[in-house]
Amino acid sequence: MVSEIRKVCVIGAGTMGTGIAAQVANAGDHVLLLDIAGDDANRNGPAERGLERIVKSDPPLLMKPENADRISVGNISDHLGAVSECDWIVEAIVERLDIKRRLYRDLLPNLKEGALVSSNTSTIPISLLMEDMPHELRQRFSITHFFNPVRYMRLLELVEGPDTQPEVMALLADYCDRKLGKGVVRCADTPGFLGNRVGVYAMQKAIHEAMALGIDIEDADAIFGRPMGIPKTGAFGLYDLIGLDLMADVVRSLRSILPQGDPFHEVGAENALVNSQVEKGYTGNKGGKGGFYTRQDGKAMAIDLATGQWRERKKDLPGIAIAGEREGLGALIAGDDRLSEFAWRVLSGILTYSASLVPEVTHSPQDIDDAMKLGYNWIRGPFEMIDEIGTDAFVARLEADGQHVPEFLREAAGEPFYRVNGSSLEVRHWGGEYAPVALPEGAVRFHMLRRTLKPVVENDSASLFHIDGGVRLVEFHSKANALDDKSMEIVMAAAQDPGPGIIVHNDGQHFSAGVNLERFKAFIEAEDWEGIDVFLAGFQDAVEAQLYCNAPVVGAPSGLALGGGFEVLAHCDLVIAHANTVMGLVEAMVGVVPAGGGVKETYLRWFRRTGDWEKAAWNTFNQIGYGKTGSSPDLAAELAYFEPGRDGQVMNRDRLVEASLAALAKSREGYRPRARPEFELAGGEVYAAMRKFLQDGRASGKFLDHDVVVASEIARIVTGGEGAAKAQVGERDMYRYEREAFLRLARTPETLARIAGMLSGKPVRN
Ligand code: NAI
């Protein structure tokens with residue numbers, strides 16, 4: 001067997017093959033992307049078109065455009081010989097057993113000795129794929145089942161065959177974890193593996209019950225969505241996102257491979273409405289016409305399940321969805337109305353279905369929970385949901401309802417599936433034994449680790465923990481991780497007693513997309529300008545204390561780190577970012593300027609890069625004015641929001657804590673906080689030039705009136721404003737300029753309109 005994976009070949013340049021190839025290139029390795037041969041004019045046409053789709057993809061599959069240089073293309077008729085250079089060959093061609101088998105036969109004489117081969121099949125059992133393979137290849141063959149889009153979906157299901165060597169599985173698991181950033185879940189060779197087995201069942205169950213109970217699709221998605229910790233697309237919205245035609249195929253294929261008697265069949269029959277929508281061309285978002293939802297004449301529309309006709313989409317969420325989001329699952333299923341009945345039927349269906357998969361499909365509920373969290377972006381897995389309801393209460397309700405109680409659930413009654421034992425989080429396996437939750441060496445999922453820790457200080461918005469060796473960990477956990485004064489109290493508490501160092505990290509979907517705008521809106525509506533100033537000064541004091549405290553501070557973000565979220569990172573000694581982190585200062589969109597030190601730090605970084613305050617002023621003015629963000633650390637580096645060399649990135653978000661601890665250990669020796677910088681304001685001439693730029697842009701229609709007002713304030717912070725001399729100022733002055741600019745803008749009705757618009761989901765352009 002090869003000892004490491006350095007060059008990869010992906011065969012099949014469709015949806016999945018391109019995604020896998022792009023992620024290998026993101027990981028820094030070379031990849032050969034092959035498809036069938038095109039016509040004589042361009043034999044590599046199919047693979048070349050795949051590469052083009054990679055380059056043009058949105059959201060981007062590449063972390064920076066240059067990564068495409070690591071992908072070479074070819075065709076299987078002319079270039080199969082080149083496979084001999086590759087350590088791992090991933091097959092991602094059409095889902096047809098005969099075609100896949102023929103490909104493996106053709107591959108065989110071309111393989112490098114010891115090369116690994118895997119299939120990305122979603123439905124074909126490995127036993128069938130391997131049937132006529134020579135033993136030698138059977139030992140190195142497996143299924144690596146990625147999820148779409150590969151860069152963003154964390155789950156990788158890994159399935160071994162009867163002869164696959166353990167070292168093969170270990171090498172693939174390690175490569176996919178560290179290099180490709182995946183959460184690897186080992187699965188048995190059972191239909192749909194884990195993610196789709198439960199995920200597709202869950203969607204089908206929601207759709208089936210909505211139809212049976214006559215629930216409007218908006219209500220169904222509002223319930224089978226955020227309140228259950230499921231992405232807000234729900235079931236109907238997810239159908240639109242994936243494509244009604246593709247989903248219909250997936251359902252048919254699961255139906256054909258799942259055994260008789262599997263509860264999937266109760267919800268997986270042909271759906272006349274889905275089929276008729278597909279026939280009419282409503283295949284979902286990709287078709288441009290919509291599927292279950294659409295827009296007509298500027299109006300949002302939804303399909304009426306009873307009539308199949310379009311009607312206007314309801315705007316308001318049903319009360320139980322709101323209560324469920326606030327109070328948890330119990331509130332969702334407590335009532336005796338139709339919507340509560342829907343919530344109960346769907347939830348109980350999913351949870352009992354999941355429990356029925358133990359022990360046949362897996363012995364550990366953690367596998368199922370991980371698959372749903374990593375592959376479907378659920379906040380909690382099914383067994384974590386059962387724990388929230390309580391195994392006892394859940395079983396009692398099932399019994400009262402006359403529903404079947406799976407053995408694994410009955411056996412657990414009274415005991416939770418997860419429990420904390422000393423400093424370890426344990427999970428109950430088939431047979432009743434508890435074992436520590438399984439994660440690869442060094443991996444940390446903070447939402448799990450936190451259950452074994454007691455916060456040193458905490459409030460509704462954030463907590464402070466002591467982890468390894470007393471290292472402080474600041475965790476934001478307010479709704480959507482919007483920052484408020486309580487979040488900043490915890491930042492301050494850590495800075496005042498930093499121990500051997502601080503990590504600012506959380507395991508939420510987003511590190512933080514910024515300050516809580518509701519707060520600003522309330523301040524502005526109450527004309528409480530003093531309140532705003534106190535809030536901003538408190539924010540600045542906290543990040544300043546963090547930056548100058550007597551121990552190193554590492555920011556470890558994933559997801560969005562925008563606005564105030566980014567300002568917290570800008571006041572860390574260094575950042576270890578997940579490779580999909582989006583960073584930037586977007587305050588201008590809501591009519592304000594960054595006033596948590598964001599303008600100041602951007603200005604300073606550009607000065608340090610260019611040695612020229614005037615250039616630094618222009619760059620700061622431009623990028624904050626346009627609200628630019630970098631959708632990966634590599635792209636954020638172009639905006640000086642990330643400093644390669646000082647900052648680091650990791651492909652797997654489960655490894656952020658590990659990498660941050662290592663970075664802290666390295667910076668601790670002889671640590672001194674940075675020296676207080678001096679700033680030079682770029683002066684009135686630069687201000688005048690910026691104003692002219694804005695006025696020209698306004699005259700040509702490029703900017704709106706309030707864009708000019710907001711950008712002028714950014715200009716004023718870095719230049720000193722009209723007629724100002726180039727002056728030396730201190731850091732505290734810069735903080736003050738930011739606050740003053742913010743307050744001037746907060747007093748304008750246009751800024752209030754932008755904030756209100758953003759909060760209601762209808763951004764205002766004024
Ligand atoms: P696709 O239809 O987008 O792409 C398949 C590609 O394979 C096409 O470019 C086709 O020209 C090429 N191809 C067909 N026969 C070939 C051959 N003999 N040699 C070389 N190339 C050949 O399909 P998609 O969606 O990318 O699926 C690929 C595999 O991944 C399938 O096994 C599917 O079940 C699996 N899968 C699909 C997922 C999805 O969301 N689309 C998710 C996970 C797995």
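Listed values, structure above:
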item	result
Among (1) touching a Gly at 6+ places or on another chain (Cβ under 8 Å); (2) at pLDDT 95 or above - the single one Ile242 does not satisfy	(2)
Restricting region 128-149 to residues that are under 13 Å from Gly114 (Cα atoms) and of a type in the set (D, E, K, R), the residue that is modelled with the lowest pLDDT	Glu136
Of the criteria (1) surrounded by 14 or more Cβ atoms within 10 Å (Cβ to Cβ); (2) without any contact (Cβ under 8 Å) to a residue 12 or more places away in the chain; (3) in contact with a strand residue (DSSP E or B) (Cβ under 9 Å, 6 or more places away or on another chain), which one Ala334 fails	(3)
Of all residues making up region 690-726, the number that are in a helix (DSSP H, G or I), under 24 Å from Leu743 (Cβ atoms) and of a type in the set (D, E, K, R)	6
Qualifying residues in region 24-54 (those that are open to solvent by 90 Å² or more (accessible area, probe 1.4 Å) and at pLDDT 95 or above) - the one farthest from the ligand (Cβ to nearest atom)	His30
Any chance Lys100 is among the charged types (D, E, K, R) and away from the ligand (no atom under 16 Å from the Cβ)	no
Residue in region 369-400 that is nearest to Ile350 (Cα to Cα), counting only those that are of a type in the set (Asp, Glu), free of Cβ contacts under 8 Å to residues at least 40 places away in the same chain and open to solvent by 10 Å² or more (accessible area, probe 1.4 Å)	Glu384
The listed residue being away from the ligand (no atom under 13 Å from the Cβ) and either modelled with pLDDT under 95 or charged (D, E, K, R) (or both), out of Asp87, Asp78	Asp87
Elements of type helices (runs of 4 or more DSSP H) in region 104-213, at least 1 residues being within 14 Å of the ligand (Cβ to nearest atom), more than 30 Å from Pro227 (Cβ to Cβ) and not assigned by TED's automatic domain parsing to the domain that holds Phe224	126-129
Entirely in region 318-366, the helices (runs of 4 or more DSSP H) that have 1 or more residues that are touching a His at 6+ places or on another chain (Cβ under 8 Å)	338-356
Those residues of region 581-606 which are open to solvent by 20 Å² or more (accessible area, probe 1.4 Å), touching a residue at least 40 places away in the same chain (Cβ under 8 Å) and over 25 Å from Leu704 (Cα atoms), in sequence order	Val582
Residues that are open to solvent by less than 30 Å² (accessible area, probe 1.4 Å), without any contact (Cβ under 8 Å) to a residue 40 or more places away in the chain and over 15 Å from Gly563 (Cβ atoms), drawn from region 607-631	none
Tabulated pairs, region 67-90, first over 23 Å from Arg102 (Cβ atoms) and open to solvent by less than 50 Å² (accessible area, probe 1.4 Å), second part of a strand (DSSP E or B) and among the small types (Gly, Ala, Ser), C-beta under 6 angstrom, 6+ apart or interchain	none
Every residue from region 251-286 that is open to solvent by 50 Å² or more (accessible area, probe 1.4 Å) and either more than 26 Å from Leu194 (Cα to Cα) or in a helix (DSSP H, G or I) (or both)	Arg252, Arg255, Ser256, Ile257, His265, Glu266, Ala272, Glu279, Lys280, Asn285, Lys286
Conditions (1) surrounded by fewer than 22 Cβ atoms within 10 Å (Cβ to Cβ); (2) more than 16 Å from the ligand (Cβ to nearest atom): number failed by Ala222	(1)
Hits in region 414-439 (condition: under 24 Å from Met651 (Cβ atoms) and open to solvent by 60 Å² or more (accessible area, probe 1.4 Å))	Ala438
Positions within region 716-735 being out of contact with any Gly (no Cβ under 8 Å at 6 or more places or on another chain) and buried (at least 18 other Cβ atoms within 10 Å of the Cβ), in sequence order	Arg716, Ile717, Val718, Glu731
Residue in region 475-487 that is surrounded by fewer than 18 Cβ atoms within 10 Å (Cβ to Cβ), over 20 Å from the mean Cα position of the chain (by Cα) and either closer than 20 Å to Met589 by Cβ or touching a residue at least 40 places away in the same chain (Cβ under 8 Å) (or both) present	yes
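Every residue, every condition in (1) under 22 Å from Gly508 (Cβ atoms); (2) aromatic (Phe, Trp, Tyr); (3) open to solvent by 40 Å² or more (accessible area, probe 1.4 Å), yes or no:
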| position | (1), (2), (3) |
| --- | --- |
| Tyr152 | yes, yes, yes |
| Leu155 | yes, no, no |
| Glu160 | no, no, yes |
| Asp163 | no, no, yes |
| Glu167 | no, no, yes |
| Ala173 | no, no, no |
| Lys179 | no, no, yes |
| Arg186 | no, no, yes |
| Thr190 | no, no, no |
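The values are calculated or read from the model by the stated rules, or taken from the named source; none is laboratory data. Worth saying up front: this structure is predicted, and the values here are computed from it rather than measured. Backbone-built Cβ (ideal geometry, glycine too); neighbour counts: all protein chains shown. Just so you know, the surface numbers come from the protein's heavy atoms only, side chains and all, with ligands and any DNA or RNA stripped out. Shrake-Rupley method; radii C 1.70, N 1.55, O 1.52, S 1.80 Å.
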